[in-house]
Amino acid sequence: MSTESSFSHLLAPLDLGFTTLRNRVLMGSMHTGLEDKKKDFPRLAAYFAERAAGEVGLMVTGGIAPGLRGSLMPSPSGLFSRLQVPRHKLVTSAVHEADGKICMQILHGGRYSYHPLSVAPSAIQSPITPFKPKALSSKGVEKQIQNFVRATRLALESGYDGVEIMGSEGYFINEFTTTHVNKRTDQWGGSTRNRYRIAEEILSRCREVAGKDFIIIYRLSMLDLLPDGNSWDEVVEQAKMAEASGATLLNTGIGWHEARIPTIATMVPRGAFSWVTARMRPEVNIPVITTNRINTPEVAEDILARGDADMVSMARPLLADAEFVKKTRQGRPEEINICIACNQACLDHTFKGKTCSCLVNPRACRETELNYLPTNNIKAMAVVGAGPAGLAFATVAARRGHRVSLFDQSDEIGGQFNMAKKIPGKEEFSASLDYFRGEVERTEVDLQLNTRIAAEDLAGYDEVILATGVYPRKLDLPGIDHDKVVSYIDVLKGRVKIGHRVALIGAGGIGFDVAEFLSNPDEHDMSPDTIEEFASEWGIDISLTARGGVEGIKPQPPKSPREIWLLQRRAGKPGKTLGKTTGWIHRLSLRHRGVHMIGGVNYESIDDQGLHISIDGQRQCLEVDHVVVCAGQVSNRDLAETLEGRGLSVHLIGGAQKASELDAKYAIREGSELAARL
């Protein structure tokens, strides 16, 4: 069977009347940080050009503000002056030279703007920003509408193929459309019709200035995931308004940023929200786009084949692999570097004001500075350790033309990825291991497993790279050698059967992962939850009867088979050091399962009775069956010290260089960067 027939729906062109998209893949909007400064636009152009060359059907930029008050940050990514047009032309010219099409997303931050000049329909502060917005007057509303129109006109002048008007995720337009923020009593508030009037005005006026041969995508919040969000009937009414007002395509928005339901993180099943778009598709006569957790060609094809949508939107998967579509068309889907939805280098970076990248692809947004060019000086290289750092180095170095031998004492590649993939909700890590297995074969790395390397084995190599990883940190605590005490490695590798009452020492990333592992039913089959199970656990109404998809729906999380105490020495609530965009999910998930999360704990001793602790000077004993030590890691540098003692030069990467909690982002980036240099 040909690739075209295997992915016939995904690869089919989409005729929009005045233009045709070459396939059904939309690269959805994702703010990279490169939009914020004029000097970074050449990098932004290279980033989009690489994805255009990868044959994406249509791309959308990160959010571009239509005016200063609508900017997300004080130093805005914007298009509200002709002086900004030349920098945007760099992007559109690069994309068109690569035979691609690109739309500019017009995003007004509303009350999500992170500055004191923010405006909204009503003066109601967002729970995720420190600034209370100013309520707009009627004249002020009109000014913001005019800003959208101006941005559309300037986008056309800049060479964009269209615009996407952001009407979802709790930003400015979405704030008007629901009673959650809109408390107005004038023509912009009150009735459903009045609440979406601003979207209607923006769309119709933008269409007027753009003309008929210009793509306008309207990103509609189809599922607010807020108790006072829109009802389904109100959402459908807005969709029909968007079509009548000149939208070319209707994109699906899921959830507000402040909603306490995960929508894009790893624990969300693949394609978890395409059913929402499927409900909308027969209501309108323009193509509809579905989104969220679509990360393989197979998932995308299934969604399109069953008629859930006309296009699929993928943002992070095209960070992970710019050639996602091209590899699919060429019959190489197994070579795609799959997005694992970790958010660590993309969204976490964005929300910290850092440049976006990708854990599994550190070249993302660095296309002008990190390149894997063929070498003119072929070397024999030995890599010790086949974890993420060693795999990244070995495959990049071999692809450049070096002769690489990769050694590991285990019987499989992956290192700590093999533990990460066992955590419920982190099964996607298996996809990265599948990719690396393929890369080892494709680049002809000499892989030698079940091999313990000594210093004398490394004689004759031009370069020695040690990716020997970490050891669990040993605690100095009375009773630490008691039979009750096990390490997180013992737990995740299934070496011990954990009892019904367990205490975890350490509440960093490892502690939370182990708590997730132990609080899930033991019979968990390690496959992603079904959409129905996910919806039940988080309280989503698949029938769409409930307002906002959640009103009155009680979450039904699975019951933990154990009573678990997750403890940390540091005062304060555990989990503050977790990822900015996913930490709240982990904390809430464990809270749903009744896990006790306690900070400010002093560990006294361990004996037959259990774990003796004190909190604020008050001593107590947790009568547990097991104590799991998750108290961090130390670098494994034994071999490095031996080699350096013999006067050899070695390169340390990953955990061997810097011990941190399962930090694959750091490991893969460092391995890739070193391989690009040597």
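Readers should treat all values here as calculations from the given coordinates under stated rules, not as data from a laboratory. Keep in mind the model is a prediction, meaning the values are calculated, not measured. FYI the Cβ positions are ideal-geometry reconstructions off the backbone, even for glycines, and counts take in every protein chain you see.
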Discussion item. From the phi angles alone, apply the Karplus equation (6.51, -1.76, 1.60; θ = phi - 60°) to the stretch 468-477 and give each ³J(HN,Hα) in whole Hz, x where the residue is Gly or Pro.
Written reply: 7, x, 9, 10, x, 5, 8, 8, 9, 8
Response to the item:
Given pairs 493/554; 422/497; 38/665; 101/327 and cut-off 23 Å on Cα-Cα distance, the over-length ones are 493/554; 38/665
Practice prompt. Can you check how the C-alpha radius of gyration of the stretch 3-351 compares to 2.2 N^0.38 Å, as a plain ratio?
Written response: 0.92
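Dipole size in debye (nearest 20) for the stretch 3-351 around its Cα centre, Lys and Arg Cβ +1, Asp and Glu Cβ -1?
On the way: 40 positive and 38 negative charges, 232 e Å.
Computed about the Cα centre, the dipole is about 1120 debye.
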Worksheet entry | Radius 11 Å from Cβ of residue 152, net charge of other residues (Lys, Arg +1; Asp, Glu -1) | +1
Worksheet entry | Rounded Å value of the spacing that divides the Cα centres of the stretch 546-560 and the stretch 259-281 | 15 Å
Worksheet entry | Inter-centroid distance (Cα atoms) of the stretch 295-350 relative to the stretch 132-149, Å | 37 Å
Response to the item:
Sorting 263, 337, 278 by the position of each Cα along the dipole of the stretch 3-351 (Lys, Arg +1; Asp, Glu -1; all at Cβ), the one nearest the positive end of that ordering is 263
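Show me the three semi-axes of the equivalent ellipsoid for the stretch 36-157, from the C-alpha gyration tensor (sqrt of 5 times each eigenvalue), largest first, rounded to whole Å. Write out the running numbers ahead of the final one.
Values: eigenvalues 176, 43, 29 Å².
Taking √(5λ) for each Cα gyration eigenvalue gives 30, 15, 12 Å.
Give the residue list of trypsin sites (Lys or Arg not before Pro) in the stretch 370-459 that are DSSP loop and have at most 16 other beta-carbon atoms within 10 angstrom. Don't skip to the end; give the middle numbers.
Working: sites: 379, 399, 400, 403, 421, 422, 426, 437, 442, 452; in loops: 379, 421, 422, 426, 452.
The qualifying sites are 379, 452.
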Item to complete: Express in whole angstrom the spacing between the alpha-carbon centres of the stretch 435-487 and the stretch 43-73.
Response: 40 Å
Item to complete: Give the order of 490, 233 when sorted by the count of other beta carbons within 10 angstrom, beginning with the fewest.
Response: 233, 490
Worksheet item: Where a ≥ b ≥ c are the square roots of the eigenvalues of the C-alpha gyration tensor, would you call the stretch 274-362 rounded, which needs a/c under 1.5, or, failing that, prolate if a/b is larger than b/c, or oblate?
Response: oblate
Worksheet entry | Shape category assigned to the stretch 178-262 from the gyration tensor of Cα positions, a/c cut at 1.5 | oblate
Worksheet, complete the sentence: Computed over the chain, the relative contact order (Cα-Cα under 8 Å, seq sep at least six) in percent reads 12 percent
Response to the item:
Note, residue 209: beta-carbon cut-off 10 Å, +1 each Lys/Arg, -1 each Asp/Glu, net +3
Item to complete: Filter the GluC sites (Glu not before Pro) in the stretch 396-485 to those in DSSP coil with at most 15 other Cβ atoms within 10 Å of their Cβ, and list the result.
Response: 412, 444
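What's the magnitude of the charge dipole for the chain around its Cα centre, counting Lys and Arg as +1 and Asp and Glu as -1 at the beta-carbon? Answer in Debye, nearest 20.
Details: 80 positive and 83 negative charges, 519 e Å.
That gives a dipole near 2500 debye.
By count of other Cβ within 10 Å, fewest leading, how are 359, 16, 492 ordered?
Values: 359 27, 16 16, 492 21.
Final ranking by Cβ density, sparse to dense: 16, 492, 359.
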Worksheet item: Exactly which trypsin sites (Lys or Arg not before Pro) in the stretch 201-230 are in a DSSP loop and have at most 11 other Cβ atoms within 10 Å?
Response: 212
Practice prompt. Report ³J(HN,Hα) in whole Hz for each residue of the stretch 114-122, in order, from the Karplus equation J = 6.51 cos²θ - 1.76 cosθ + 1.60 where θ = phi - 60°; Gly and Pro get x.
Written response: 9, 6, x, 9, 5, 10, 7, x, 9
Practice prompt. Grab the other residues whose beta carbon is less than 15 angstrom from that of residue 450, score K and R as +1, D and E as -1, and report the net.
Written response: -4
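Please give the direction-averaged projected area of the C-alpha convex hull for the stretch 326-408, in square nanometres with one decimal.
Numbers: hull surface 29.1 nm².
Mean orientational projected area (the stretch 326-408, Cα hull): 7.3 nm².
Tell me the mean residue ellipticity at 222 nm calculated for the chain from its helices only (DSSP H runs of n ≥ 4, each -39500 (n - 2.57), averaged over every residue, nearest 500).
On the way: 22 runs with 206 residues, N = 678.
It comes out at -8500 deg cm²/dmol, rounded to the nearest 500.
Return 650, 119 ranked ascending by Cβ neighbour count within 10 Å, so the fewest neighbours appear first.
Numbers: 650 21, 119 24.
The fewest-first ordering by Cβ neighbours comes to 650, 119.
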